[in-house]
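Here is the structure we will look at, set down as structure tokens.
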Amino acid sequence: HVFFIVYIVAHYYICLYFSEKYNVDFFEQFAVVLGALDNRAARNHVNRLCLAARVPLIESGSSGYIGQVSVILRDVTECYECIQKANEKTYAGCTIRNTPSAPIHCVVWAKHLFNQLFGEVDIDDEVSPDLKNDEDRRPDQEMRQYGIREGKEDCEEKCWEGDATTNGDVVDGIANGSSEEPERVCTRTWAASHNFDPQTLFRKFFHDDIEVLLTLSDLWKSRRKPTPLEWDNLPNQNPGSSKDRTNEDLWTVLECREQFEKAVLDLRTRVTGDSVLVWDKDDDASMRFVAACGNIRAYIFDIPMKTLFDIKSMAGNIIPAIATTNAIVAGMIVVEAMKLLFGKMEKMRNVSFTV
């Protein structure tokens, strides 16, 4: 038999996973819940609500090249919390780009930024704000000002393939007072055109991009808003401390800016033409760049900052997200959901695979 889904109504609302709006009564209206969450706390919460509502849950996840899909039926199968899970080492792109809530999110973002500026760019390493969830509410003038347009575009010939919709900066058009569509360039090309100037980079990633995020009003209804930073107006909470910091000392924001500047000036001398750098936790400039950027972003989002030693440990244990793995997981979720909806529960399976 061939079945066709002829009508789909998609509803979305940006909120914290424990919002009172999504209670047991809300979950009881569904025949099945498909889980594609990005953190254990949210998974635990949805797992418990589905058990309470007696609604089947198809839980899923991925870690690098490994993926899994689990069917959870109350009184029939084990639930998500029945077996202890390993520590998470992959993180959702939207969380990294828009709403970080833990130090590790900022460290992942900093490693992505390193690759965008100096390394081999991956499409999953995007660092600029993800505007997809709020694009209908974003004024067209602001989208053009920041070099943003719907859809995927090719970067200039010398750039790697990637998402240029939110990753570039304006070099012509609106920025120069013209009404013509502004030229968009990828991060590496844009940074190189400014000679990797630390102050220019700082303004884009820690001020301008944060201003863009603040326009996504739905994100901040139940979260603290991030704070854009200015190069010449940063707090130094330990003004009397020595500048000769050790790995165990916690840098102030001002010291993070100083470390960022030194690292960028060092790293830019190693990048010529189309050459790329490979991030190495044992390379001093690379490590200090990630530590400084991670801590500055943490400060912006009111997240606890970490020492260089702590960040080195965190950054060295991050597993990158793999788009192919996530696509396979999504397909397997649908397969198991169709078995359930068409009454083939005896054929339902927990699935795990390695790409």
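See the values below:
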item: Nitroxide proxy distance, nm - points 7 Å out along Cα→Cβ at Asp25 and Arg74; result: 1.7 nm
item: Additional length obtainable on full extension of the chain from Leu16 to Arg270, 0.36 nm per residue less Cα span; result: 87.2 nm
item: Förster radius 30 Å - calculated FRET efficiency between Val9 and Leu214, Cβ distance, rounded to 0.05; result: 0.50
item: Inter-label distance, nm, simple model (7 Å from Cα along the C-beta direction), Asn317/Arg224; result: 2.5 nm
item: Hz values of 3J(HN,Hα) by residue in the stretch 214-226 - Karplus curve (6.51, -1.76, 1.60), Gly and Pro given as x; result: 5, 6, 7, 4, 4, 5, 10, 5, 10, 10, 6, 6, x
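We did not get these values from a lab; they are worked out from the coordinates using the rules stated. Everything numeric in this text was worked out from a predicted model, so none of it was measured. In this analysis, Cβ positions are derived from the backbone assuming ideal geometry, glycine residues included, and neighbour counts consider all displayed protein chains.
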